[in-house]
Amino acid sequence: SAMAPADEPPIVTDFWRAADRHPPGHEAALSRFRKLIRNTQQPASCTRRCMLTTAYHGGALADVRRIAYALMHAVVNGCALTGHWPNFNTPGHAALVTTSPELRRRCAESGRRGLQCYFLPPSTCDGSTVPATYDTKFALDQKFLLDVYLDRVQRLTGLRSEMLVMGTLVSWVMRPQPELSEAILHYGAALGLERPGVRHRRVAVHVRHGDKHSLYAKHLRNHSWRVSAASFDAWGRRVAANVGAERALFMTDDAKLMDELTKPADGFFALVPAQRECLPSYAAGVFGK
């Protein structure tokens, strides 16, 4: 493992803060872009807002990417992005993007709906009573002309890298709520990743079977080998070899596959020690028991 700088935390919970060190050659432009995000999303006055509107809800991280697009739209138009996402009409459906019953209870009591159960709101203007002009209502399934907005970001900040632009936007959208930071630190410590000064090299494998309808045998038919233990084992080791990782961390809702991946004596696969209700499945019940 490579040594990390002495002042760098061994476990990163907030990529926005962690990305404060800018890549060589992009320092000035990336600083301007980060400042533009802060100024538009944490304004002194909330008189200009852009609102997320009801639209198609995909997977949680697909929604994060869509919110990043909406944030880019808001930043280049100088308005604060407001609105919960997913913005379901019924309280029960808001639980679909949360995990344990305890977390659902905390989020419901504090009025955090959808992804804001995990992540901070995109702007500080949600709930503001300041009279506002809504510049636009942004639906997450609308056609988004990414190249047009990347050009606008470049003109405003000088930042040319699409990867840095999107990475910076996503890191803002995914700034963690306190519970998420605590969970990352807790499970990181349980995995032995908290040692200071060490840069751990791991790959993460999400082995999802129980609630993913497209992975049922009747849909996969003769492609079921793609989600077998042998396939996950081979791909985990291949990706790790390509990036120079030492081990693979995985979560799964499939007890049989868990046993097969942890069986080899080399201990290459390590199970993230989450409780059953935190597993990526509805096996414990959508609303918990």
Test of understanding: among Asn77, Asn89, which residue is modelled with pLDDT under 75, more than 20 Å from the chain's Cα centre (by Cα) and not hydrophobic (A, V, I, L, M, F, W, C)? Asn89
Give me the pairs: first residue in the stretch 146-172 and over 27 Å from Thr13 (Cβ atoms), second residue open to solvent by 40 Å² or more (accessible area, probe 1.4 Å) and of a type in the set (Asp, Glu), beta-carbon distance under 7 Å, and six or more apart or on different chains, which are they? Leu150/Glu162
Restricted to the stretch 229-269, and to residues that are surrounded by fewer than 16 Cβ atoms within 10 Å (Cβ to Cβ), at pLDDT 85 or above and within 23 Å of the chain's Cα centre (by Cα), which residue is nearest to Gly192 (Cα to Cα)? Val239
Quick one: what pairs do we get from the stretch 212-240, first residue under 20 Å from Gly267 (Cβ atoms), second modelled with pLDDT under 75 and open to solvent by 60 Å² or more (accessible area, probe 1.4 Å), C-beta under 8 Å, 6+ apart or different chains? Ser231/Trp225
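Please enumerate the residues belonging to the stretch 17-68 that are hydroxyl-bearing (Ser, Thr, Tyr), touching a strand residue (DSSP E or B) at 6+ places or on another chain (Cβ under 7 Å) and either at pLDDT 80 or above or not in a strand (DSSP E or B) (or both).
Scanning the stretch 17-68 gives Thr40, Thr47.
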The number of residues in the stretch 219-268 that are closer than 19 Å to Leu191 by Cα, out of contact with any strand residue (DSSP E or B) (no Cβ under 8 Å at 6 or more places or on another chain) and assigned to a helix (DSSP H, G or I) is 1
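The values are calculated or read from the model by the stated rules, or taken from the named source; none is laboratory data. Source: prediction; values computed, not measured. Every residue, glycine among them, receives a Cβ derived from its backbone with ideal geometry; neighbour counts consider all protein chains shown. These area figures cover heavy atoms from the full protein model, side chains too; ligands, DNA and RNA do not enter into them. Shrake-Rupley method; radii C 1.70, N 1.55, O 1.52, S 1.80 Å.
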